[in-house]
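Input: a single structure, listed below in structure tokens.
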Amino acid sequence: MRVLTVTSDNYVDNTCLLLSSLRRWHPDLPVVIYTLDTGWKVEDEARLTAFGAQLKRFEEHGQTGNRTSWSGGGIFNAYKLHVMHEQTEPFLFLDSDILVLRPLNRLFDQIHQQGWMTSHDGVLLGDYAQGPIATIVKVPEQDARQRGFNTGVVGCDPSRHREVLSLSCEWAGQISENFLGDQGLLNLAWYHLHRNVPANADNRYNGGWREDDRIELRNTIIHFARRNYGGASKLRDQRRVWEQWPKDVVLTDLIDTDFWRESLPHPWPWLNQCNQRKYRGFVANMREASRSLLGTPGLFIDDADQAFLLDSQVLAEQDRWWAQHAPAFRNVPHKPTYHLPGNGRPASRLKHRFERLRRWVG
């Protein structure tokens, strides 16, 4: 497994932040950075290779001045696709405007097992099929409302999806521009070959930096990408989040623990009727077994449904841990760890949802 990205002389600072965050968790992981040659400086190269990254150079052929365009006509349109296409072993492609906030081992396992990993994007598939590409790919009305995937984070085993990468590269050489560039081409190539969009992974692997400057602590990867957002403001936000992220703390998702995996599958139907007698034994056993989590540093309880199954001592320990480390998250608003009302007594899922809504509105 290797990590790939594409950068240019005006994106070196962002790329260094990406590498700094990646190396925090994976100091020896192979990283290849494809660089655009115009304006490149020796000191830029030294800054990137200091993180143990291998550099490969692209020729721009005079296509400067449109590096960050959202129109799809920029040079990244073709270059990102060709980077993916030339790979022969499993890879994870990351845009340079990304921070890695947790280890990626679980993500790597998914790529090896599934052969493809992307996250949903807000754009509809039909919106990609605009302009010249519409003469090649027809998206029927019943499929046009499917949500496409984002190409800021793409995990792929090329031996299993070579035809998708090849077709998107072929189109990139034929079409000067299309909506959202490489993202539109890759989405439409997948649809053209499979008549659907791929199953998408949890957005924790491509969490957005929201316009209200909030992040979700559950995000493993945060992507500083949205329309009309770039330059100094993006770099400032990317740097601010990474400087304040508590690097001495490893936040462990409950779902990543042995306790959680060994207890699967959970009988989730009890969530709307958790006082039913037939589930009380299961809940009691789970709470007793959860005491094994007391020694887990930085355990992150994702939602109230998970917290419901935990022993009160585990929840109390997380309260103490959070009180100690929460100040490190100052100025980076976040969703707090969930805790149960009433000292862990059973409550309906509807009540949990009401409490969430009340906190959000308040």
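Just to be sure before I move on: is Glu211 at pLDDT below 80, open to solvent by 40 Å² or more (accessible area, probe 1.4 Å), under 30 Å from Gln113 (Cα atoms) and in a loop (DSSP other than H, G, I, E, B) in the structure I sent? Lay out the reasoning, then the answer.
Numbers: at pLDDT below 80: yes; open to solvent by 40 Å² or more (accessible area, probe 1.4 Å): yes; under 30 Å from Gln113 (Cα atoms): no; in a loop (DSSP other than H, G, I, E, B): yes.
So Glu211 fails the test.
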* Structure fact -> Of the residues in segment 263-299 that are over 24 Å from His325 (Cα atoms) and modelled with pLDDT of 85 or more, the one that is surrounded by the fewest Cβ atoms within 10 Å (Cβ to Cβ) is Glu288
* Can we say Arg320 is surrounded by fewer than 13 Cβ atoms within 10 Å (Cβ to Cβ), modelled with pLDDT of 70 or more, part of a helix (DSSP H, G or I) and more than 24 Å from the chain's Cα centre (by Cα)? -> yes
* Structure fact -> So, first residue without any contact (Cβ under 8 Å) to a residue 24 or more places away in the chain in segment 284-303, second residue surrounded by fewer than 17 Cβ atoms within 10 Å (Cβ to Cβ) and outside any loop (DSSP other than H, G, I, E, B), Cβ within less than 7 Å, six or more apart or across chains; the pairs are Arg291/Gln313; Leu294/Gln313
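Take Asp202 and tell me if it is of a type outside the set (Val, Ile, Thr), within 20 Å of Leu94 (Cα to Cα) and modelled with pLDDT of 80 or more. Lay out the reasoning, then the answer.
Working: of a type outside the set (Val, Ile, Thr): yes; within 20 Å of Leu94 (Cα to Cα): yes; modelled with pLDDT of 80 or more: no.
Answer is no for this residue.
State all residues of segment 108-136 that are in a strand (DSSP E or B) and among the hydrophobic types (A, V, I, L, M, F, W, C); if no residue qualifies, say none. If you could, list the steps in order and put the result at the bottom.
Narrowing segment 108-136 to residues in a strand (DSSP E or B): 116-124.
If the condition is that a residue be in a strand (DSSP E or B) and among the hydrophobic types (A, V, I, L, M, F, W, C), then Trp116, Met117, Val123, Leu124 are the ones that fit.
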* Structure fact -> In the set Asn77, Asn66, the lone residue that is at pLDDT below 85, under 27 Å from Asp237 (Cβ atoms), in contact with a Leu (Cβ under 8 Å, 6 or more places away or on another chain) and open to solvent by less than 70 Å² (accessible area, probe 1.4 Å) is Asn77
* Which numbered condition trips up Asp97, out of (1) among the acidic types (Asp, Glu); (2) open to solvent by 30 Å² or more (accessible area, probe 1.4 Å); (3) touching a Lys or Arg at 6+ places or on another chain (Cβ under 8 Å); (4) more than 14 Å from Arg2 (Cα to Cα)? -> (2)
* For Ile222, which of the numbered conditions (1) touching a strand residue (DSSP E or B) at 6+ places or on another chain (Cβ under 8 Å); (2) modelled with pLDDT under 90 fails to hold? -> (2)
* So, in segment 226-251, of the ones that are open to solvent by 60 Å² or more (accessible area, probe 1.4 Å) and of a type in the set (A, V, I, L, M, F, W, C), which residue ends up farthest from Asn105 (Cα to Cα)? -> Ala232
* Restricting the search to segment 88-107, which residues are more than 23 Å from Val12 (Cα to Cα), of a type in the set (S, T, N, Q) and either assigned to a loop (DSSP other than H, G, I, E, B) or in contact (Cβ under 8 Å) with a residue 40 or more places away in the chain (or both)? -> Thr88
* Within segment 1-38, restricting attention to residues that are part of a loop (DSSP other than H, G, I, E, B) and open to solvent by less than 40 Å² (accessible area, probe 1.4 Å), which residue is farthest from Thr88 (Cα to Cα)? -> Ser8
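The values are calculated or read from the model by the stated rules, or taken from the named source; none is laboratory data. All values reported here derive from a predicted model rather than from experimental measurement. Here the Cβ is made from the backbone with ideal geometry for all residues, glycine too, and neighbour counts use every protein chain on show. Remember, those area values only see protein heavy atoms, side chains included, never the ligands or the DNA or RNA. Shrake-Rupley method; radii C 1.70, N 1.55, O 1.52, S 1.80 Å.
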